[in-house]
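Q: Pasting in a structure now, in structure tokens, and then I'll have a few things to ask.
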Amino acid sequence: MTTQITGLDGWTPEALGVPGEVRPVVAAPHTVLSRAGGEVDATSDEVVRLAADLVATMRVSPGCVGLAAPQIGIGAQVFAVDVTGHPKSATVHGTFVLCNARVVEASRWKAGREGCMSVPDLTGDVKRAGRLVVEGVLPGTGRPVRLATDGFEARALQHEIDHCAGLLFLDRVAGAHAIYQRKVYL
């Protein structure tokens with residue numbers, strides 16, 4: 001029997017049924033950021049709590065559009081994304097968390113500037129797919145999803161999937177000429 005993979009279908013973080021705890025974000029060169037996270041059981045209580053913690057931490061972090069488990073010190077393939085309200089966003093699926101996500105289609109590659117809470121002082125130009133299809137599993141339900149997106153949301157997903165694979169955006173830049181000191185606006 002083949003499992004039909006669908007979109008988010010109205011899933012929200014409230015479906016997790018547990019409150020999230022704000023967790024400290026680790027910074028490079030912390031070793032958890034350079035190791036691939038393990039696959040998880042998306043229905044386990046531990047993963048549901050982790051998902052809620054990722055959302056809670058992301059929501060209190062100004063400018064944050066995504067956060068992966070390794071960024072809060074957990075070597076697991078779980079991340080949260082929400083590009084709602086970001087000026088570069090076109091396609092927006094709201095706040096969601098995916099487990100064991102993988103890219104199944106990628107096209108329209110383009111360089112763009114990225115930053116990261118785990119690399120607080122730098123930004124860099126990274127070439128990413130502008131159109132993307134990702135498959136993963138929703139925490140709590142264990143329901144498989146197939147999400148098609150583009151533009152800034154596609155970039156955010158690739159950035160978080162990289163975190164789960166032990167990669168930082170610095171691992172994707174073309175060279176030192178594509179790394180910049182982060183500008184701080186008052």
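The values are calculated or read from the model by the stated rules, or taken from the named source; none is laboratory data. No experiment lies behind these values; they were computed from the predicted model shown. Glycine also receives a Cβ, built like all others from the backbone with ideal geometry; neighbour counts cover every protein chain displayed. For accessibility, only protein heavy atoms count, side chains too; no ligands or nucleic acids. Shrake-Rupley method; radii C 1.70, N 1.55, O 1.52, S 1.80 Å.
Q: How big is D, in µm² s⁻¹, for the chain by Stokes-Einstein at 25 °C and 0.890 mPa s if Rh is the Kirkwood radius over C-alpha pairs?
A: Answer from the Stokes-Einstein relation: 149 µm²/s.
Q: So if R0 is 22 Å, what FRET efficiency would Ser34 and Ala178 give, r being the distance between their Cβ atoms, rounded to the nearest 0.05?
A: According to the calculation, E is roughly 0.65.
Q: In addition: Keeping the other protein chains in place, figure out the carbon and sulfur percent of the accessible area of the chain, with a 1.4 Å probe.
A: Details: 4970 of 9430 Å².
Using a 1.4 Å probe with all protein chains present, the chain comes out at 53 percent carbon and sulfur.
Q: Something else: Choose one of Leu98, Gly66, Pro87: the residue whose Cα lies farthest towards the positive end of the charge dipole of the stretch 46-110 (beta-carbon charges +1 Lys, Arg; -1 Asp, Glu; about the Cα centre).
A: Comparing the listed Cα positions along the dipole, Pro87 ranks first.
Q: Figure the gain on full extension for Asp45 and Ser107 (residue separation times 0.36 nm, minus the Cα-Cα span) and round it to one decimal in nm.
A: So the extension gain works out to 18.7 nm.
Q: With every protein chain present, what is the per residue accessible area of the stretch 1-89 (1.4 Å probe, Å²)?
A: Result: 54 Å² per residue.
Q: Rounding to the nearest 10 and keeping the result within 0 to 90°, find how far the Cα-based axis of helix 151-164 lies from the longest principal axis of the chain.
A: Long axis of 151-164 versus the principal axis of the chain: about 80 degrees.
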